[in-house]
1. Please work out the C-alpha center-to-center distance from the stretch 176-191 to the stretch 52-128 and express it in whole Å.
2. Please turn the phi angles of the stretch 49-57 into ³J(HN,Hα) values with the Karplus equation 6.51 cos²θ - 1.76 cosθ + 1.60 (θ = phi - 60°), one per residue in order, whole Hz, x for glycine and proline.
3. Given charges of +1 on the Cβ of Lys and Arg and -1 on the Cβ of Asp and Glu, with all other atoms neutral, how large is the dipole of the stretch 10-192 about its Cα centre, in debye to the nearest 20?
4. Expressed in whole Å with the largest first, what are the equivalent ellipsoid semi-axes of the stretch 61-194 derived from the C-alpha gyration tensor as the square root of 5 times each eigenvalue?
5. Based only on other Cβ atoms within 10 Å, what is the fewest-to-most ordering of His40, His132?
6. State, to one decimal in nm, how far the label point of Arg59 lies from the label point of Asp115, with both points 7 Å from Cα in the Cβ direction.
7. Once fully extended, how much extra length lies between Glu45 and Ser157, figured as 0.36 nm per residue of separation less the alpha-carbon to alpha-carbon distance?
8. Neighbour counts of other C-beta atoms within 10 Å: give me Trp137, Trp180 arranged from fewest to most.
Amino acid sequence: MVRKTAPNFLKSVILSGKRFGYYYIGESNMSKHKAEKLIHPELREFLSANAGQRITFDRKTQPDIEVDTVEFFEPADLKLSKFTIDTCEYYLNYGESGDDPELEYNIEGIDLIRDCNDYDPEGILIYFPEFHEFGFWDCDHLIIKMFQNIDWPIIESNLCRYINAQWYPQLVDHYLLRPWADERCKKIKPKPSY
């Protein structure tokens, strides 16, 4: 996970300890208002009720956490963004390259966390409207993991665990999104990663 050192729109990619390049987290052409309409009513209610508040988790009762303080976006501030995944990372870290080890896919999602302690909040907890699932984006490794069949009330009941799933994925049910093998991604066209 990238520490809060670079601007939100520009991140450094490190592979095998060396700077690999930069990538841009792009905002979709979709309006903010449409993004707000894509989320479930329970999530909208939660975001409205917690607007402008910081939620803090107790490290004594939840020792397996990296992020202990979060602030969520208000519903009106939600945006549909594109999160890049790189098949090279799948090859290096998971032993599979998909259809080509030098491609990238842009997956649309709605980032839910506005701010948090110690880390850049982008990708920590995302709603992916195309899949009707929540998950997270690992911006260091350019992968997405999804929480299959997990709706908002389940996440809300164990919020700390899902917010910290990027660092402790073994604590939640998840799967690695593989666009080249997932029928739901057939409209998403990969492009060469340079």
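1. Here the two parts' Cα centres lie 19 Å apart.
2. Along the stretch 49-57, the couplings run 5, 9, 4, x, 9, 9, 9, 10, 9 Hz.
3. Approximately 340 debye in magnitude.
4. So the three semi-axes of the stretch 61-194 are 25, 16, 14 Å.
5. His132, His40
6. For the pair Arg59/Asp115, the computed spacing is 2.0 nm.
7. 38.9 nm
8. Starting with the residue having the fewest Cβ neighbours, the order is Trp180, Trp137.
Each value in this text was obtained by applying a stated rule to the coordinates, not by laboratory testing. Everything numeric in this text was worked out from a predicted model, so none of it was measured. Note: ideal-geometry Cβ built from the backbone for every residue, glycine included; neighbour counts use all protein chains shown.
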